[in-house]
1. Please go through segment 29-72 and pick out each residue that is within 20 Å of Leu118 (Cβ to Cβ) and assigned to a loop (DSSP other than H, G, I, E, B).
2. For segment 102-114, give me the residue count where each residue is surrounded by 13 or more Cβ atoms within 10 Å (Cβ to Cβ) and touching a residue at least 60 places away in the same chain (Cβ under 8 Å).
3. Does Pro43 count as under 24 Å from Ala153 (Cβ atoms), of a type outside the set (Gly, Ala, Ser) and at pLDDT 95 or above?
4. Specify which of the listed residues (Ala112, Ala143, Ala153) is more than 15 Å from the chain's Cα centre (by Cα), at pLDDT 95 or above, assigned to a helix (DSSP H, G or I) and not charged (D, E, K, R).
5. Only one of Leu121, Leu95, Leu99, Leu89 is free of Cβ contacts under 8 Å to residues at least 24 places away in the same chain, more than 11 Å from the chain's Cα centre (by Cα) and part of a helix (DSSP H, G or I); which?
6. Condition (residue is crowded, with 19+ Cβ neighbours inside 10 Å, farther than 23 Å from Pro51 by Cβ, of a type in the set (Gly, Ala, Ser) and touching a Lys or Arg at 6+ places or on another chain (Cβ under 8 Å)) applied to segment 132-143: is it met by at least one residue?
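The values are calculated or read from the model by the stated rules, or taken from the named source; none is laboratory data. The shown structure was predicted, so the numbers you read here are calculated from the model rather than taken from an experiment. When we count neighbours, we look across all protein chains shown, and the Cβ atoms used for this are built from the backbone with ideal geometry, even at glycine.
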Amino acid sequence: MLFAGILGALAFATARLLQPTPARHGAGALSKDGVDIMRALVPALLAGALPPPGAARDIAIAQTIDGIGVAMRGLAPIAREELASLFSLLAFAPLRIGLGGMTASWEEASVADADAFLVRLQSSRWTQKRAAYDALHQITFAAWYANPQSWPAIGYPGPPRLT
């Protein structure tokens, strides 16, 4: 238990030292590392909901990543900081490998790699890893279902029009 606490403190300190690089394209509060991570994870998290491979799928993934940035801007400052720290941790290769067994870089990760990573987080006995999975899952689904282009597939007609 003491070892886990020390390991967690070291991981947190490392994440704080790694300053996130601001995103260059429309992702709002999402750092460049966060964009790269979510570009790998969104197809695994939204498997079955995304359009088939092609331009429409690429656009849906990009819109979801932009939506994640928008959602992050709307979070309380402490929650936004915690998510930024999570992205910093996951961007640092030794911690990415140690925390989730992801040996591929985020840019080179396949959907199968990303899915296996997410399963390891979700099924971990460590509460912190499960919390990381929950945060990634919830913000992705919030961004996906906030996008009106995802509504027809689930039969949602949109919010009622007030006159």
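1. Leu30, Leu46, Ala47, Gly48, Ala49, Leu50, Pro53
2. Residues meeting the conditions: 5.
3. Yes: the conditions hold for Pro43.
4. Ala112 is the lone residue from the list that is more than 15 Å from the chain's Cα centre (by Cα), at pLDDT 95 or above, assigned to a helix (DSSP H, G or I) and not charged (D, E, K, R).
5. Answer to the selection: Leu121.
6. no
Conditions tested, residue by residue: (1) at pLDDT below 50; (2) among the β-branched types (Val, Ile, Thr); (3) under 21 Å from Ala132 (Cα atoms).
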| position | (1), (2), (3) |
| --- | --- |
| Ala15 | yes, no, yes |
| Ser31 | no, no, yes |
| Gly34 | no, no, yes |
| Arg39 | no, no, yes |
| Leu50 | no, no, no |
| Thr64 | no, yes, yes |
